[in-house]
Amino acid sequence: MKPDPRSSVDALDAIDWGEDGLVPVVAQDASSGDVLMLAYADREALQRTLESAQAHYHSRSRARLWHKGATSGNVQHVREVRYDCDADALLYRVEPAGPACHTGERSCFFRLLPGTEGDATPGIGPTMGLLQRVVEQRLRELPEGSYVRRLHDRGVGYAGQKVVEEAGEVVVAALQGDDDAFLAEAADLLFHLSVLVALRGQRLDAVAAVLSERHRERVSESSESSEPSESSEQAARLSGPDRQG
Ligand SMILES: [Zn+2]
């Protein structure tokens, strides 16, 4: 999202501000999908957010506008703003410059309510987002002894060779290995691919954008089609490399 000094009145009027003029705002890490915090916004806060492309809220305890990160430096660059079906809640999708929480935690939701421990795994989005962040950090800091640093020092060609190697191992494990071996090889491949992407100066986010753009194309193609079987076939291939369908 680009800062827009004219900040659209239409955008502000799309929201049902209710009697107290406040709506809840969920801030989400745009890369990882992690929920970072919950706060509130009034018209002024949303307007400033749109104008600056940095998250602004209305602090209920201090009863005033709150520019997140103004003192701590932990600003949130707003990629897009969504609003819910009832137009009475906002979602800021952000690139955080630092922890969202005053405790120093990345997300305010770092505590698990006792008795609710389950087997909820973070899922592919947050995990790849975290991997991207860690790889980029290693490439910035190049810590001694880090494997990412070793790949960096040997260059794109070497990292690419590792990707080819890991891809071969995935295929062998798919044909011969047990599930654990296959999953481990697939994880190695994704790891090395993510380093190659970063070494190439690109981001997994950009790869995801290509995939989701293809998905959109497939969905719009299939909604124009009257053949249900064809659309399900298209859906099945939505992220495949074949772009001729
Ligand atoms: Zn917090």
Legend entry - Positive-end residue, the chain charge dipole about Cα centroid, Cβ charges, pick of C101, L36, S223: C101
Inset, instruction - Return one quarter of the surface area of the convex hull spanned by the alpha-carbon atoms of segment 9-96, equal to its mean projected area, in nm². - result: 5.5
Legend entry - Rg ratio (alpha-carbon, reference 2.2 N^0.38 Å) - segment 1-43: 1.38
Inset, instruction - Only helical DSSP H runs with n ≥ 4 go in: add -39500 (n - 2.57) per run for the chain, normalise by residue count and round the 222 nm mean residue ellipticity to 500 deg cm²/dmol. - result: -15500 deg cm²/dmol
Inset, instruction - Report the equivalent ellipsoid semi-axes for segment 147-210 in whole Å, largest first, defined as the square roots of five times the eigenvalues of the gyration tensor built from alpha carbon atoms. - result: 23, 14, 9
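Give, rounded to the nearest 20 debye, the magnitude of the charge dipole that the chain has about its Cα centre when Lys and Arg contribute +1 at Cβ and Asp and Glu contribute -1 at Cβ. The partial results should precede the final answer.
Values: 27 positive and 40 negative charges, 269 e Å.
It works out to roughly 1300 debye.
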Legend entry - Where only alpha carbons of the chain are counted, the Rg and the Dmax (Å): 21.9, 64
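Using the Kyte-Doolittle scale, which helices in the chain average at least 0.5 and also have C-alpha atoms spread 20 Å or more along the helix axis, with helices defined as whole DSSP H runs? Could the numbers behind the result be given before it?
Numbers: long enough: 124-141 (25 Å, -0.24); 147-176 (34 Å, -0.05); 179-199 (30 Å, 1.32); 204-224 (30 Å, -0.56).
In the chain, the long hydrophobic H runs are 179-199.
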Inset, instruction - Report the full-extension gain for the segment R149 to E217: residue separation times 0.36 nm, less the Cα-Cα distance, to one decimal in nm. - result: 20.7 nm
Inset, instruction - Return the long-range amide H neighbours of L90 (sequence gap of 5 or more, or a different chain), with a cut-off of under 5 Å between placed amide H atoms. - result: V25, V26
Legend entry - Qualifying chymotrypsin sites (Phe, Trp or Tyr not before Pro) in segment 1-98, DSSP loop, other Cβ atoms within 10 Å at most 16: W17
Inset, instruction - Order by neighbour count: D88, D29, fewest other Cβ atoms within 10 Å first, most last. - result: D88, D29
Inset, instruction - Run the dipole for segment 86-135 about the Cα centre, Lys and Arg Cβ at +1, Asp and Glu Cβ at -1, nothing else charged, and hand back the magnitude in debye, nearest 20. - result: 240
Inset, instruction - Starting from the amide H of M37, placed 1.01 Å from N in the peptide plane, find each other amide H under 5 Å away whose residue is 5 or more places distant or on another chain. - result: A27, C108
Legend entry - In nm, spacing of pseudo-spin labels at D88 and A206 (7 Å Cα→C-beta vector): 4.3
Inset, instruction - List the trypsin sites (Lys or Arg not before Pro) within segment 61-141 that fall in a DSSP loop (any state other than H, G, I, E or B) and whose Cβ has at most 15 other Cβ atoms within 10 Å. - result: R62, R111
Inset, instruction - Using 0.36 nm per residue of separation minus the Cα-Cα distance, give me the extension gain between E80 and A184 in nm, one decimal. - result: 33.9 nm
Legend entry - For the chain, the longest site-free run once GluC sites (Glu not before Pro) in DSSP loop states with at most 14 other Cβ atoms within 10 Å are removed: 145-245
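Bear in mind these aren't lab numbers, they're just calculated from the coordinates by the rules spelled out. All values derive from a computational prediction rather than experimental measurement. Please note: Cβ atoms are built from the backbone with ideal geometry, for glycine as well, and neighbour counts cover all protein chains shown.
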